[in-house]
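Heads up, the thing below is written out as structure tokens.
Every number here is computed from the coordinates shown, using simple stated rules; none is lab data. Computed from a prediction, not measured in an experiment: that's the story for all the values here. Because the Cβ atoms are built from the backbone with ideal geometry, glycine has one as well, and the counts that use them run over all protein chains shown.
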Amino acid sequence: MRYLIVDGHSVIFAWPELRKLHARRTALARDELVKILTAYQDASGVRVVAVFDGKGVSSNEATEPGGIQIFYSGAGQTADEIVERLVAKYASQHEITVATSDHMEQQTATSFGALVVSAEGLRPWLDEAQGDLRRRLKKFRPK
């Protein structure tokens, strides 16, 4: 099984349109990123896990039916720590790519055997998956 673990805030601050939404309201940027990542999961078949900093006193996890898995760090914990814990636990069993522009997090992820892609480098992957899906769907449309 292939997984993409996304450091949510790393991507939000790297993408101008998400950074602009974040300036208005953090939840708007998170929701838009989750929507984009859900579309990628649907188009690619890669399981997506998004990790965000802080949403309460304890870390929590949310998954919508058919949606991506979302983790929020708790008090005294960072999203980076959750990403690193997931990679340490699962990289030997699954093909994992971590999307982050945090260099320390990239080094830690690769030390556990995960692949890494920068937040900026993630966008072409998402675009390519959408293009592939559109091409596949076109085959099924009546002429």
Ranked by GNM mean-square fluctuation in the chain (Cα springs under 10 Å), the top entry among ALA99, ALA75, ALA43 is ALA75
Could you give the nm distance between label points at ARG25 and ARG2, where each point is 7 Å from its Cα heading toward the beta carbon? 3.5 nm
So I have (1) 30; (2) 35; (3) 49, and one of them is percent of Cα pairs over 24 Å apart calculated from this model. Which one is it? (1)
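Which percent, nearest 5, of DSSP beta bridges in the stretch 2-128 are antiparallel? Could you put the intermediate results ahead of the total?
Values: 4 of 21 bridges.
The antiparallel proportion sits near 20 percent.
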Taking only C-alpha pairs under 8 Å that are 6+ residues apart, what is the relative contact order of the chain in percent? 26 percent
Which of the peptides 9-17, 130-138 is most tightly packed, and how do the rest follow, judged by the mean count of other Cβ atoms within 10 Å per residue? 9-17, 130-138
